[in-house]
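Notes follow once the structure below has been shown.
FYI, it's all coordinate maths here, none of it is from the lab. From a predicted model like this one, the values you see are computed outputs, not experimental measurements. For neighbour counting, all protein chains shown are included, and Cβ atoms are generated from backbone atoms with ideal geometry for every residue, glycine included.
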Ligand SMILES: *Cc1c(COP(=O)(O)O)cnc(C)c1O
């Protein structure tokens, strides 16, 4: 019934990518990052696909409670920690590890006093140059001592997050700052996001924290996921809802940004920017129709976009109404679509809209 627009997630691909992360860092435990509804893949799907992970990491408290309600018994790490003191009671009740990125959060933990129940595991986050979250390297020792002295706190681990691990040489200074700040401090370490997991072996510490790689997209501009040994987990598909012929000189879509320079057949697809497909994808963005690679034409509209059927016909495929369209997935990498639209795969995956039908396959 109704539109065909569907985001299908492969559990096998999620498992494959997690195994790939483990193979890269065999001595590390893995936090599978599932923030932003598992990068748009759905939290329940992520629980199934990442059953083998050592823990799940996210920052949304409602979603963390959902993980527990749905039966996730292993570790959970709150990547931004408590937003207000009351969050710490939730952390205690549901056994959630918390990041501490600011001195105010240390104060909230101290104010808990002598808690009932198990103490909280905390990850003290050190600013290694991103200048977003994290305590100054010079304050790390002091805050670490305060945390360790806190009756409500169990283990104190150390963490940082890189601004530039995806570019050659980009993490060198940050690694140096983190090491200098933590040299004399006890506790487990976690540094690596997906990019560092691949390119900075020295950051594969007690825990690694891959996100995007687990979903089969690349953390690097210009290096595709297949070359990294990753398998795309999400396929965004739709179908042709109309096929029409353009005469030479006919234009197409809002703004008439595409004009046919010869007679041609075009297909209209039931997917648009209200589904999460990027409006900035220009004419020429890769797409597949009935298994044949082709291109988009003209402006993406709210509910539809247009595709060139000439390469499809040239491949001997007669694609009529109902023919399947892959916007991204195994054949058309989300990173290629993102590059065409001037963004990154992360943004496209996270942006899948609520009205898009969801499916999970093994
Ligand atoms: C999002 C996030 C990650 C994962 O980053 P990817 O680039 O998707 O691998 C790791 N650590 C923190 C703190 C994050 O916020």
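Kindly rank 113-120, 341-348, 28-35 from highest to lowest mean number of other beta carbons found within 10 Å of each residue.
Final packing ranking: 28-35, 341-348, 113-120.
From the helices alone, meaning DSSP H stretches of at least four residues, give me the mean residue ellipticity at 222 nm for the chain, per-run term -39500 (n - 2.57), in deg cm²/dmol to the nearest 500.
Using -39500 (n - 2.57) per qualifying helix, the result is -7000 deg cm²/dmol.
Sort 6-17, 244-255, 86-97 by the packing proxy (mean of other Cβ within 10 Å over each peptide's residues), most packed first.
By packing density, highest mean first, the sequence is 6-17, 86-97, 244-255.
Starting from 0.36 nm per residue, how many nanometres of slack lie between residue 48 and residue 206 once their C-alpha separation is accounted for?
Residue separation times 0.36 nm, minus the Cα-Cα distance, leaves 54.5 nm.
Rounded to the nearest 0.05, what FRET efficiency is calculated for residue 179 and residue 86 with R0 set to 22 Å and r the Cβ-Cβ distance?
Efficiency, from the Cβ-Cβ distance: 0.05.
log₁₀ I(q)/I(0) of the range 237-362 at q = 0.09, 0.13, 0.20 Å⁻¹, via Debye over equal Cα point scatterers, no solvent, to two decimals?
Debye output, listed in q order: -0.23, -0.48, -1.15.
If I take every Cα pair under 8 Å that is 6 or more residues apart in the range 205-318, average their sequence separation and divide by the length, what percent do I get for the relative contact order?
With pairs under 8 Å counted, the relative contact order is 19 percent.
Which value, in Å to one decimal place, does the Kirkwood hydrodynamic radius take for the chain when every pair of different Cα atoms is included?
22.1 Å
With an 8 Å Cα cut-off and a minimum separation of 6 or more residues, compute the relative contact order for the range 2-120 in percent.
Once divided by the residue count of the range 2-120, the mean separation gives 18 percent.
Return the FRET efficiency for the residue pair residue 221, residue 65: r is the Cβ-Cβ distance, R0 is 45 Å, and the value is rounded to the nearest 0.05.
0.80
Find the centroid of the Cα atoms in the range 10-34 and in the range 170-201, then give the distance between the two in whole Å.
19 Å
Gain in length, residue 103 to residue 136, computed as 0.36 nm per residue apart minus the alpha-carbon separation, to one decimal in nm?
So the extension gain works out to 10.9 nm.
Which whole-number percent is the relative contact order of the chain (Cα, under 8 Å, 6+ apart)?
RCO, the chain: 18 percent.
Using Cα centres only, tell me the gap between the range 222-287 and the range 342-361 in whole Å.
16 Å
What is the calculated FRET efficiency for residue 351 to residue 172, with r their C-beta to C-beta distance and R₀ = 35 Å, to the nearest 0.05?
That pair, residue 351 with residue 172, gives E of 0.60.
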